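The values are calculated or read from the model by the stated rules, or taken from the named source; none is laboratory data. As the structure is a computational prediction, the values presented were derived from the model and not from experiment. Here Cβ is always computed from backbone atoms with ideal geometry, including for glycine, and neighbour counts include all displayed protein chains.
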Amino acid sequence: MKLSAHFDRSEFACACGCGFDTVDTELLDALEALRAHFERPVRITSGARCAKYNAEVGGSPNSQHLIGRAADVVVDHIEPELVHEYFRDHPGGLGSYSNFTHIDTRNERARWTG
């Protein structure tokens, strides 16, 4: 099911196959803006997560992935540091990792390096 011009609901589905695939519209808007900025496809490496899968991957018990408000992303041919820099003023959560960037739409600013 198409959610926006460039994203399909299946891209946000929990990787365990349980069918949980919710996504926050604010997050979707941020990812569309990211794609437009770099003019490159954005790949969701982790979107929504059920509680069981989140625990299996070592996610925080309060992870925004559990409520469809987070995505770990990779932009084709763009270094994660540049993606992180693009989101530097984002009002929610932003995590910097060596091979992806975490973005979420929590109601407070949070920053970390993984």
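Strands (runs of 3 or more DSSP E) wholly in the chain with at least 3 residues that are among the small types (G, A, S) and in contact with a strand residue (DSSP E or B) (Cβ under 6 Å, 6 or more places away or on another chain) - which ones? Talk me through it step by step, then tell me what you get.
Numbers: elements: 42-46, 70-75, 93-96, 101-104, 110-113.
By residue number, 93-96.
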Evaluation of T105 against (1) surrounded by fewer than 17 Cβ atoms within 10 Å (Cβ to Cβ); (2) within 15 Å of E26 (Cα to Cα) (one fails), failing number: (1)
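Mind checking whether some residue in segment 53-68 is in contact (Cβ under 8 Å) with a residue 60 or more places away in the chain and surrounded by 13 or more Cβ atoms within 10 Å (Cβ to Cβ)? Can you show your working first?
Start the filter on segment 53-68 by keeping residues that are in contact (Cβ under 8 Å) with a residue 60 or more places away in the chain, which leaves none.
Checked segment 53-68: no residue is in contact (Cβ under 8 Å) with a residue 60 or more places away in the chain and surrounded by 13 or more Cβ atoms within 10 Å (Cβ to Cβ).
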Some residue of segment 71-86 being under 19 Å from W112 (Cα atoms), of a type in the set (G, A, S) and either out of contact with any Asp or Glu (no Cβ under 6 Å at 6 or more places or on another chain) or at pLDDT below 95 (or both): yes
